Amino acid sequence: MEPEDRVIVAIAGLNALIGALDRDGYRVLGPTVRDGVIACGDISGVDELPAGWSDEQDGGRYRLTRSGAETIFGFTSGAQAWKRFLHPPRQRLWRATRDGDRVRVHAEPAPDERFAFIGVRACDLHAIAIQDRVLTEGAYPDPFYTARRKELFIVAVNCARAGGTCFCTSMGTGPAATSGFDIALTELPGEGGSSFVAQAGSPRGAALLRDVADRPATAEECAAAEAIVARTAASMGRAMPDHDLRALLLDNPDHPRWDDVADRCLTCGNCTMVCPTCFCTTTEDSADLSGTESTRTQRWESCFTMDFSYIHGGSVRASSRARYRQWMTHKLATWIDQFGTSGCVGCGRCITWCPVGIDITEEVAAIAQG
Amino acid sequence: MDQMAEPRMAHPLVPRVAHVRRRWRDGPDVWTLEIEDGAGSGFMPGQFNMLTVFGVGEVPISLSGDPADGNRIRHTVRAVGPVTRALARLRPGDPLGLRGPFGTGWPTDALDGRDVVIVAGGLGLAPLRPAILQLLARRDRIGRLTLVYGARSPDQILFARQQDRWGRRSDIEVAVTVDHATSPWRGYVGVVTTLIPRAVSDPANTVALVCGPEIMMRFAAAALTDAGLPETAIHLSMERNMKCAVGLCGHCQFGADFLCRDGPVFRLDRIARRLALREI
């Protein structure tokens, strides 16, 4: 994108953008302060965004803080990834009704919700692209995900700060949004409030930007935006060791570090719930009391549960060592064989939300040490 | 087709409705269902279907009938969990949900001129039965055909009467062994792997199809390679938890492979390293 394509959008312009998306029939979702964290929720205007809020993150630690500035996007990854909307935690698949010996299966109709995400970070853009590969590019695409994804409008935000557990630079997934968005914003703090250097990534984005932009961005403003992202890239909280991770993990299924991490891991599955690429699901069947109607519901599942690998007689991965090894080896190694990309985008959520602060970058480093 | 009247998109997780035609017992806690699958499209020996008991749940079960039987399919289940117990209780005329067939099959079309050794343990004979029936139907195309079968005890021998009939034929050799013999048993006692060496006469020209408990397959693979078969001539049917059968739910991963899509039948050279690992 050439600098001359970049425009300046004021706070009022961002508000107008949210309004325009709402009028176009989108359900507009963005970061909000809720339950002591930044969480994705419905928004109807710029006032609901977390202006002035920031966060501190470390292994097993998350604290919302006052940033002391009035920037709107001064925080980093929250607990929730956008997958909860595109690939929701619970999803009814079908219902069956019985009339005598006659059973009819009523497939759940494809969702018609149109989502607009405001404030998607570069790591999460990559995560969405990865879930696209997993859920839409195989022989049997997930039609519900595909329907939601097709209608999705994305307003990305370049990170002005790296969180304590972020390592996107070392994964090659950030902090700059380079593709996969309709509009990308870089927030420029200013005396009279923030403004945004904006660029379009799609014809839809370009059309909307024309309506809400104030003016073309100056060369200075573009340089300032780039400097902000460069500063973020240089201040990552963590880094994934620079190794051929696929070979490293496939060559080390019996490394003693798996026993070490198993002593700490609670197998709670938090890492898989907050991971923006973890896609595993299971199903639950329920029946009404009369036995005439039954329902199958898909829900998120974690490879850390005993049920996950259960076959008659027991679980294949009964030890926490085997379950942690499965999660990390899948994420960083076999995912590449399956989908042509790593399953990790360096968002750091698994580190922050691990109750005992297990750090995937540290575990890799320990194995890499031999 | 009842469910076609509903407005729907083709979601791979939505079953079609089929009905049980017959049901019979094939061993302690083991039942075979014959199902009329009007929307069936045939299957390859070794493939599986997802079977739903409405209101209870869904399980992967291999096809155990003759591929030549068209829409009249068979599934053999051991009643060990809530869904398999409910399946075993279905009566003729009862509806059930069906998805499939899924997965890779035995390479029965690539066996012309080869000797074939079939190694099965326990219920592992069920997914091999379609292969045996198919090979017997075009018996002149292959060389020596041997079934080596192991069961825990004589009363647990699967498809016992059919195995007896096969045993009386001259075009298939059947060797059965049990872990624990009871009084009238006069056959072999011991693990199935001890019967493998005599089943292999021309190792360079022999293909083995193996299905049973994972531990049995590990030792069978070793016995077959010891008998001189290359890893590329040994095929195994693996088992893992499966939920979706279409590569979306993640449960059945075995290393980089999704068992539902890349398996369940694998050539040994592809999985030998993983087969040696515990809890993989």
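Given R₀ = 25 Å, what would the calculated FRET efficiency be for residue A:254 paired with residue A:92, taking r from the Cβ atoms and rounding to 0.05?
Here the calculated transfer efficiency is 0.05.
Can you list the residues, at least 5 places off or on another chain, whose amide H is less than 5 Å from the amide H of residue A:268, using H built in the peptide plane?
For residue A:268, no residues qualify.
Amide H neighbours of residue B:208 under 5 Å, counting only residues 5+ apart in sequence or on other chains, H built in-plane at 1.01 Å?
B:117, B:234, B:235
Counting heavy atoms of the protein chains only and a 1.4 Å probe, report the per residue accessible area for segment A:32-145 as a whole number of Å².
Heavy-atom accessible area per residue stands at 41 Å².
What residue among A:263, A:242, A:99 has the largest mean-square fluctuation in a Gaussian network model of chain A, using Cα springs under 10 Å?
In the Gaussian network model the winner is A:99.
Using r as the Cβ-Cβ distance of residue B:21 and residue A:5, and R0 as 51 Å, what FRET efficiency do you calculate, to the nearest 0.05?
0.15
What is the extension gain from residue A:365 to residue A:35, computed as 0.36 nm multiplied by their sequence separation minus the C-alpha to C-alpha distance, in nm to one decimal?
Value of the extension gain: 115.4 nm.
What whole-number value in Å² describes the accessible area per residue of segment B:108-275 for a 1.4 Å probe?
Ligands and nucleic acids excluded, the result is 40 Å² per residue.
Can you sort A:191, B:173, A:151 by 1.4 Å-probe accessible area, starting with the largest?
Descending accessible area places them as A:191, B:173, A:151.
How big, on average over all directions, is the shadow cast by the Cα convex hull of segment B:108-275, in nm²?
9.9 nm²
Over segment B:2-102, what number does the Rg to Rh ratio reach, with both radii from the alpha-carbon atoms and Rh per Kirkwood? Don't skip to the end; give the middle numbers.
Working: Rg = 12.9 Å, Rh = 13.7 Å.
Result: Rg/Rh = 0.95.
Residue B:138 to residue B:91: FRET efficiency via 1/(1 + (r/R0)^6), r the Cβ-Cβ distance, R0 51 Å, to the nearest 0.05?
So, using R0 = 51 Å, E works out to roughly 0.90.
If you plug each phi of segment B:146-154 into the Karplus form 6.51 cos²θ - 1.76 cosθ + 1.60 with θ = phi - 60°, what whole-Hz ³J(HN,Hα) values come out, in order, with x for Gly and Pro?
Once rounded to whole Hz, the list reads 10, 10, 10, 10, x, 10, 5, 8, x.
Pulled fully out, how much extra length does the chain show between residue B:276 and residue B:41, if you take 0.36 nm times their separation in residues and subtract their Cα-Cα distance?
Between residue B:276 and residue B:41, full extension yields 81.0 nm more.
Using the Cα atoms of the protein assembly as shown to build a convex hull, what is its mean projected area in square nanometres?
Computed as one quarter of the Cα hull surface, the answer is 32.1 nm².
Averaging over every viewing direction, what projected area does the convex hull of the Cα atoms of segment B:41-165 cover, in nm²? Spell out each step's value before the answer.
On the way: hull surface 33.4 nm².
That works out to 8.3 nm², a quarter of the Cα hull's surface.
Which of the peptides A:302-311, B:113-122, B:270-279 is most tightly packed, and how do the rest follow, going by the mean number of other Cβ atoms within 10 Å of each residue?
Sorting A:302-311, B:113-122, B:270-279 by mean packing, highest first, produces B:113-122, A:302-311, B:270-279.
Quick check: at a probe of 1.4 Å, how many percent of the accessible area of the protein assembly as shown sits on carbon and sulfur atoms?
Answer for the protein assembly as shown: carbon and sulfur cover 49 percent of the accessible area.
I'd like to know which of A:71, A:60, A:41 lies farthest towards the positive end of the charge dipole of segment A:19-86, counting +1 on Cβ of Lys and Arg and -1 on Cβ of Asp and Glu.
A:60
What is the distance in Å between the Cα centroid of segment A:23-69 and that of segment B:172-240?
So the separation of the two Cα centres works out to 61 Å.
Over chain A, what relative contact order in percent results from Cα pairs under 8 Å that are six or more residues apart?
Relative contact order for chain A comes out at 22 percent.
Interface A/B, total buried accessible area with a 1.4 Å probe, nearest 100 Å²?
Heavy-atom accessible area buried at this interface is about 4100 Å².
Roughly what % of DSSP beta bridges within the protein assembly as shown run antiparallel, to the nearest 5?
Expressed as a percentage, antiparallel bridges in the protein assembly as shown total about 70.
Given a 10 angstrom Cα cut-off, can you work out which residue in B:125, B:248, B:63 is the most mobile in a GNM of chain B?
So, out of B:125, B:248, B:63, the one fluctuating most is B:248.
For a label point 7 angstrom out from the Cα of residue A:263 toward its Cβ, which stretches of segment A:308-340 have the backbone nitrogen within less than 15 Å?
Output list for this probe position: A:320-321.
What number do you get for segment A:72-211 when its Cα radius of gyration is normalised by 2.2 N^0.38 Å, N = residues?
1.32
Determine the equivalent ellipsoid of chain A by diagonalising the alpha-carbon gyration tensor, then write out the semi-axes as square roots of 5 times the eigenvalues, largest first, rounded to whole Å.
Ellipsoid half-lengths, sorted descending, are 36, 29, 18 Å.
Once the other residues with Cβ under 10 Å from the Cβ of residue A:312 are scored (Lys, Arg +1; Asp, Glu -1), what is the net sum?
That sum, taken over residues with Cβ under 10 Å, equals 0.
Can you give me the accessible area per residue for segment A:150-298, using a 1.4 Å probe, in Å²?
44 Å²
Okay, helix-only estimate at 222 nm for chain B: each DSSP H run of n ≥ 4 adds -39500 (n - 2.57), divide by all residues, round to 500 deg cm²/dmol; what do you get? Walk me through the numbers before you get to the answer.
Values: 7 runs with 54 residues, N = 280.
Value at 222 nm, helices only, nearest 500: -5000 deg cm²/dmol.
Would you mind calculating the relative contact order of segment B:137-252 from Cα pairs under 8 angstrom and at least 6 residues apart, reporting the percent as a whole number?
19 percent
Counting only other chains, what is the mean number of Cβ atoms within 10 angstrom of the Cβ of each residue in peptide B:95-107?
1
Compute accessible area for segment B:23-59 by itself and then with all protein chains, 1.4 Å probe, and report residues whose area falls by 50 Å² or more.
Residues meeting the cut-off: B:54, B:55.
Please identify the cysteines of chain B that lack any partner cysteine with a Cβ under 4.7 Å from their own Cβ.
Flagged as lacking a Cys partner: B:211, B:252, B:260.
Hey, in the GNM for chain B with a 10 angstrom Cα cutoff, which one of B:204, B:221, B:126 fluctuates hardest?
B:204
The values are calculated or read from the model by the stated rules, or taken from the named source; none is laboratory data. Predicted model only: the values in this text are computed from it and were never measured. Cβ: placed from backbone, ideal geometry, glycine included. Neighbour counts: every protein chain shown. When the accessible area is computed, the model is the full protein with side chains, heavy atoms only, and any ligands, DNA or RNA have been set aside. Shrake-Rupley method; radii C 1.70, N 1.55, O 1.52, S 1.80 Å.
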